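Enquirer: Sharing a structure with you now.
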Amino acid sequence: MKRNKENGITLIALVITIIVLLILAGVTIATLTGDNGILGKAVQAKEKTNEAGDLEYLQTEALGIITEYYGSATDMQEDEYILTELGKKDGITANIAKGTVTYKNKEYTLSEITGGTEEKQTLEKNNLEEITLANAEKGSAEEALLKEQSVRAVIVEKEDKTNKAVIPTGFYYVTGTPSTGLVISDKMGDDDSNSQKGNQFVWIPCLGTNGITYEKTDDNGTGNHGLASYWEEYKSKQWYYTTVPSGYTNAGQAITGWSDNGGNYASVTKYGGFYIGRYEAGVPRDADFYADSEGATYYKEEKKNSEEVLSMRPIVQKGTQSWNYISQEKAKKVSENMYKDSASVTSNLVDSYAWDTTVKWMASDSKYNRIGLDSTNWGNYANNSQITANTLYALHRYAGRNATGAVNNKNNYWTVATKYKKGNITLGQILLSTSIREQYEFASNTYDDTNYNYYLRKELATGAADETKVKNIYDICGNMWEWTTETGNHATEKGSSGTTFAVFRGGSFGNFGNDGPVSYRSGVYSTTEYNIDFGFRPVLYIK
């Protein structure tokens, strides 16, 4: 008897099949849903795409506003102008104090909007990390700084995060690192060649592995400048009056106090450093005595030190004329004018503490360790033969006395070129022989070859020669003597009407780099005097 074979499944097999199907269904649902699921990731991707589109929209709007800004006559700072105009757009709320805008319920910092690809690429190339409120670690020191309206970003070296620089609101990263000389500009998109003609400054780090101790210690408000430590090495490189010389009010009275009321210990301590002008101060471009081309008239003191300059703002830019023929008191005032409307920084004439700290920071590099004793190779000095720039310059004819002659007891003197020139610089000082005299125009072309030799010395345009660059700072050695806020007064009582003398630093085109190095400290001119080789340099302190 033959049985029929029946196909089917057992109850156990059915249960197992159902369980497998349920597991597969669960896996599928999990894959599709949740934050890490396909659907969740799709939503996140859409959100990121939307956010990228939103940011791109804000960047496009900002670009148009920036174009308007440079064509406008507004007195507003660039960042304030951008935020103000963005806040007028539909759906955008601007917070000028914080430097942010809110769009579609998301807050963006101005640096995210205007930072630009080029700036980010330069940061990456220099192995730097930019920290903003958007990516700062909660509770970190960086976040605390970024919550200040004065700060736009913190730049950190990836290999040593103790080395950092603080970027003030309204300024943008250009080049360099906190260790080697980080440069900022007040014009977005500016670069190492200063193509956007922004004012540029270099960070002097006072914290971190490669930082330097700020020269002004907490002196309880006495303002005394301590020379016993750092300046012990350079004490031979200074000259002060101890008594008021003849020709001045109260001649013969003792000058008992050389001090400096400048500096900003609180800012340096809070932010870990300060900024010094990358270039010597230049004549403002809207001044009627500004010149940046060959053949332009070389103006002297009658315009550069007039009362009208007190409302002007100097520029700290590459390739322009240094602002010489200006007194210390006027250099101080116009330096303060630079950012008097800024909510993020205070600008001042460089003070002795900032200068000393800067020199010490440069000398901490083995390449420049003797710069305070002999700065010849890093400045425009009469004995520097290394400068090879093709640049704008002013010529000065210097009359040097011969060893013998009828006028041995007369002073040497300067004659100033009447126009700017352009060409190769080969020597800091050239003997003005008879054969080449006719090539140059001077205010006076009379010569006394019996009793004098005549030399040409050259005043360079700002930042003209890379040979004068030390840690991204140009012409701090030579070119111009630079006024500081350090002064000395003959009077033992305050409020005297006697002469106040001011200190200048750094040497000039008229000096030798070993006799007048960057560390040199001279207090032999009053605050109201001006000269052919007296210039100045601003500093920035973050508020």
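Enquirer: Could you grab me the full set of residues in the stretch 143-179 that are surrounded by 22 or more Cβ atoms within 10 Å (Cβ to Cβ), of a type in the set (D, E, K, R) and at pLDDT 90 or above?
Expert: Matches in the stretch 143-179: E157, K164.
Enquirer: Could I ask something else about it? Tell me which residues, restricted to the stretch 343-381, are of a type in the set (G, A, S) and open to solvent by 10 Å² or more (accessible area, probe 1.4 Å). Let's see the steps before the verdict.
Expert: Quick first cut of the stretch 343-381, residues of a type in the set (G, A, S) only: 343-344, 347, 352, 354, 363-364, 366, 372, 375, 379.
Matches in the stretch 343-381: A343, A363, S364, S366.
Enquirer: Here is a follow-up. Need the failing condition index for Q121 against (1) assigned to a loop (DSSP other than H, G, I, E, B); (2) under 25 Å from S179 (Cβ atoms); (3) open to solvent by 60 Å² or more (accessible area, probe 1.4 Å), just the number.
Expert: Unmet condition: (1).
Enquirer: Quick one: in the stretch 180-218, of everything that is farther than 17 Å from V345 by Cβ and hydrophobic (A, V, I, L, M, F, W, C), which residue is surrounded by the most Cβ atoms within 10 Å (Cβ to Cβ)?
Expert: I212
Enquirer: Within the bounds of the stretch 324-344, is there any residue that is assigned to a strand (DSSP E or B), modelled with pLDDT of 95 or more and either under 16 Å from P284 (Cβ atoms) or not hydrophobic (A, V, I, L, M, F, W, C) (or both)?
Expert: no
Enquirer: Just one of E294, E302, E308 is of a type outside the set (A, V, I, L, M), farther than 30 Å from T162 by Cα, in contact (Cβ under 8 Å) with a residue 60 or more places away in the chain and out of contact with any Asp or Glu (no Cβ under 8 Å at 6 or more places or on another chain); which is it?
Expert: E294
Enquirer: Shifting gears a bit: Any chance you could count how many residues in the stretch 405-438 are at pLDDT 85 or above, assigned to a loop (DSSP other than H, G, I, E, B) and open to solvent by less than 40 Å² (accessible area, probe 1.4 Å)?
Expert: The total comes to 2.
Enquirer: Would you kindly identify the helices (runs of 4 or more DSSP H) lying entirely within the stretch 15-114 that contain at least 1 residues that are loosely packed, with under 12 Cβ neighbours inside 10 Å and at pLDDT below 75? Can you show your working first?
Expert: Values: elements: 38-70, 78-86, 110-114.
So the answer is 38-70.
Enquirer: Also: Any residue in the stretch 453-464 that is polar (S, T, N, Q) and at pLDDT below 90?
Expert: So the first thing to find is which residues in the stretch 453-464 are polar (S, T, N, Q), and the list is 453, 462.
Filter again for at pLDDT below 90, leaving 453.
Yes, the stretch 453-464 contains a residue that is polar (S, T, N, Q) and at pLDDT below 90.
Enquirer: Is the stretch 439-451 home to any residue that is closer than 19 Å to N324 by Cα and either touching a strand residue (DSSP E or B) at 6+ places or on another chain (Cβ under 9 Å) or crowded, with 19+ Cβ neighbours inside 10 Å (or both)? I'd like the intermediate steps shown before the answer.
Expert: Pass one, the stretch 439-451, residues closer than 19 Å to N324 by Cα: 442-443.
When the remaining residues are screened for being either touching a strand residue (DSSP E or B) at 6+ places or on another chain (Cβ under 9 Å) or crowded, with 19+ Cβ neighbours inside 10 Å (or both), the result is 442-443.
Yes: the stretch 439-451 contains one or more residues that are closer than 19 Å to N324 by Cα and either touching a strand residue (DSSP E or B) at 6+ places or on another chain (Cβ under 9 Å) or crowded, with 19+ Cβ neighbours inside 10 Å (or both).
Enquirer: Can you find, within the stretch 293-323, the residue that is nearest to V503 (Cα to Cα) among those that are among the basic types (K, R) and either modelled with pLDDT under 95 or open to solvent by less than 40 Å² (accessible area, probe 1.4 Å) (or both)?
Expert: If we filter the stretch 293-323 for residues that are among the basic types (K, R), which is where we start, we get 300, 303-304, 313, 318.
This time we only want the ones that are either modelled with pLDDT under 95 or open to solvent by less than 40 Å² (accessible area, probe 1.4 Å) (or both), so: 300, 303-304.
On the way: K300: 22, K303: 23, K304: 20 Å.
My answer is K304.
Enquirer: Of all residues in the stretch 424-442 being touching a Ser or Thr at 6+ places or on another chain (Cβ under 6 Å) and of a type outside the set (D, E, K, R), which is nearest to N377 (Cα to Cα)? Break it down stepwise before answering.
Expert: Pass one, the stretch 424-442, residues touching a Ser or Thr at 6+ places or on another chain (Cβ under 6 Å): 427, 441-442.
From the residues that got through so far, the ones that are of a type outside the set (D, E, K, R) too are 427, 442.
Details: L427: 12, F442: 29 Å.
Of everything passing the filter in the stretch 424-442, L427 is nearest to N377 (Cα to Cα).
Enquirer: Another one. What number of residues in the stretch 135-168 are in a helix (DSSP H, G or I) and in contact (Cβ under 8 Å) with a residue 24 or more places away in the chain?
Expert: Taking the stretch 135-168 as the starting set, the residues that turn out to be in a helix (DSSP H, G or I) are 141-146.
With in contact (Cβ under 8 Å) with a residue 24 or more places away in the chain added as a condition, the list becomes 145.
Qualifying residue count, the stretch 135-168: 1.
The values are calculated or read from the model by the stated rules, or taken from the named source; none is laboratory data. These numbers were taken from a predicted model, which means no experiment stands behind them. Reconstructed Cβ throughout: ideal geometry from the backbone, glycine too, with neighbour counts over all protein chains shown. The accessibility values were calculated without ligands, DNA or RNA, using every heavy atom of the protein model including side chains. Shrake-Rupley method; radii C 1.70, N 1.55, O 1.52, S 1.80 Å.
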